[in-house]
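The values are calculated or read from the model by the stated rules, or taken from the named source; none is laboratory data. This structure is a prediction, so every number in the text was calculated from the model and none was measured. Please note: Cβ atoms are built from the backbone with ideal geometry, for glycine as well, and neighbour counts cover all protein chains shown. Ligands, DNA and RNA are excluded from the accessible area calculation, which covers all protein heavy atoms including side chains. Shrake-Rupley method; radii C 1.70, N 1.55, O 1.52, S 1.80 Å.
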Amino acid sequence: MLQVYLVRHGETEWNALRRIQGQTDSALTAKGERQAQQVADRVKSIGITHVISSDLGRTRQTAGFIADACGCELTLDPRLRELSMGVLEMRDIATLTRQEEQWRKQLVDGTPEGRIPEGESMTELAARMQAALDDCRNLPDGSRPLLVSHGMALGCLISTVLGLPAYAERRLRLRNCSLSRMDYQESPWLASGWVVETAGDTSHLDMPALDELQR
């Protein structure tokens, strides 16, 4: 059975300020660096063989802590990037117009093919995230990879593995540096292929972590 661990990046400056990041970047806060070290300490003894990260700065920072702790090289994969949020990237959520807020809400309220202008749809996001996950099956036997990605991206991936459409209402909270796991298996009492073992575990963190909208 192949086990793949999933980590969302640590808290960033824009997370704390409630600014929309998407594929634009901001650095980890001191709290985010602490979270990254704590999740690294959590996984360093479970036999991680590969650390694969989105190529955005906040995930690369987080993944660096994990790769160092696990003694692994860091591999970058742009398919693990966050959803592109188009014209709303870098904006403070509190300053959005009614129209802009409607664009944003389409990403989480179940609107088929909803998207922000110049951004991606959840269906497009799901396709590239699933491809990155499926490529883990090509690693050598006995591998135990860990993927470092983003809140919308990981939430979409987990939801689609559970059988939901990519654009389904968003009802899974993945906080900064939360840990999830997927297994590729053949069980008589589960559907063949990928299953979700755990999602959004933050028991390794010593203080509350943010999701996209909470302070």
Taking the Cα centroid of region 1-70 and of region 108-150, what is the distance between the two, rounded to the nearest whole Å? 16
Sum -39500 (n - 2.57) across every DSSP H segment of at least 4 residues in the chain, then divide by the residue count to get the 222 nm mean residue ellipticity, nearest 500. -9500 deg cm²/dmol
With every protein chain in place, what's the accessible area of Glu82 (1.4 Å probe, Å², nearest 10)? 10
State the antiparallel share, in %, of DSSP beta bridges confined to the chain, rounding to the nearest 5. 60
When the solvent-accessible surface of protein heavy atoms is calculated with a 1.4 angstrom probe, in what order do Thr111, Thr95 fall, highest first? Thr95, Thr111
What order, most packed first, do the peptides 64-70, 53-59, 3-9, 163-169 have when packing is the mean number of other Cβ atoms within 10 Å of each residue? 3-9, 53-59, 64-70, 163-169
Positive-end residue, the chain charge dipole about Cα centroid, Cβ charges, pick of Ile52, Gly151, Gly71: Gly151
Calculated from backbone phi, Karplus (6.51, -1.76, 1.60) coupling profile of region 155-163 in Hz, x at Gly/Pro: x, 5, 4, 4, 5, 6, 4, 6, x
So who's got an amide H within less than 5 Å of the one on Arg91, skipping anything under 5 residues away but keeping other chains? H placed 1.01 Å off N, in plane. Ile20
Quick one: give the max-minus-min coordinate of the C-alpha atoms of the chain along each principal axis, largest first, in Å. 50, 40, 26
Student exercise, the chain dipole from Lys, Arg, Asp, Glu Cβ charges, in Debye to nearest 20: 440
What residues qualify as long-range amide H neighbours of Leu2, i.e. H under 5 Å apart, gap of 5 or more or another chain, H built at 1.01 Å from N? Tyr184
Using amide H atoms built 1.01 Å from N in the peptide plane, name the residues 5+ places from Arg173, or on other chains, whose amide H lies under 5 Å from its own. none
With all protein chains present and a 1.4 Å probe, how do Trp194, Trp103 order by accessible area, largest first? Trp103, Trp194
In whole Hz, the Karplus estimates of ³J(HN,Hα) for region 130-142 (6.51, -1.76, 1.60; θ = phi - 60°; x where Gly or Pro) are 5, 4, 5, 5, 4, 5, 4, 5, 8, 6, x, 3, x
Counting only protein heavy atoms and a 1.4 Å probe, tell me what percentage of the chain's accessible area is made up of carbon and sulfur. 49
Enumerate the calculated ³J(HN,Hα) couplings along region 89-99 in order (Karplus 6.51 cos²θ - 1.76 cosθ + 1.60, θ = phi - 60°), each rounded to whole Hz, writing x wherever the residue is Gly or Pro. 5, 6, 7, 6, 4, 5, 9, 5, 6, 4, 5
Taking the chain and dividing mean pair separation by its residue count, relative contact order in percent (alpha carbons under 8 Å, at least six apart): 30
Listed residues Ala27, Ala63, Ala153, most fluctuating in the chain (Gaussian network, C-alpha, under 10 Å): Ala27
Under a 1.4 Å probe, what is the accessible area of the chain per residue, stated in Å²? 46
Provide the solvent-accessible area of Glu124, counting protein heavy atoms only and rolling a 1.4 Å probe, rounded to the nearest 10 Å². 80
